[in-house]
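This report refers to the structure that appears directly beneath it.
Read the figures in this text as sums done on the coordinates, not as results from a lab. Quantities reported herein were computed from a predicted structural model and do not represent experimental measurements. Note that each Cβ is placed from the backbone with ideal geometry, even for glycine, and that neighbours are counted across all protein chains shown.
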Amino acid sequence: MKRLLWLVVLSALCVPSLCLPMYSQSIFNAPEVTEKSDRMFFPKDTLWGYGQLDLAPPHNEIDPNLCAADARNYGGASAPCSEFARYMLSGVVEARPFGQGQFRRLFLFFEPHFLFGKNVPQALYTWSPDAIGWERAWGGGLYIAKGFEFRVTQHFLFGRLGARNTYLGPADLGPNGPYGRYTTIGVRKTFGIRRW
């Protein structure tokens, strides 16, 4: 399990840094749909994304709503339901597979969030990297104009990983996570240019 954790962490941190020189100009500017690409399919700026590693300090753990907040009442420091995360590895990958024509405005995206840790609020605080599970969303959209995007997003149930993919006692709230499974239709507006 620890090998899998290191593989995921290194992949999330290395892949965006390898892509940065290729896309450094397009990452920080709003997409210009009027630009012509040299290829119809999979132009050089097809992929965009980022990876992020978050650390939650003690007494401020990430709660994916898999265990009841009073899990300490069901075993104290050795409560079986200890799915409060210390680390979150997340990211976004966006693909714009068409470089010319009417379809150049279409895009697909994927947003995974991996949670790691073993904590019970007010009873057990560790720096353990035990895998808890992952939440993910994917979808597609259409760039409209002037920073506006139309987006359709599908959010999935929280998927537990490893030994925690079982019933963890009376404090276990099930796999629904904070929101359960749902689909949204929305509009996003981007603005400004980032500075370093």
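Quick notes
- Neighbourhood net charge (12 Å Cβ-Cβ; Lys/Arg +1, Asp/Glu -1) for GLN122: -1
- Set of region 133-164 residues, backbone N closer than 11 Å to the point 7 Å along the Cα-Cβ line of ARG181: 155-158
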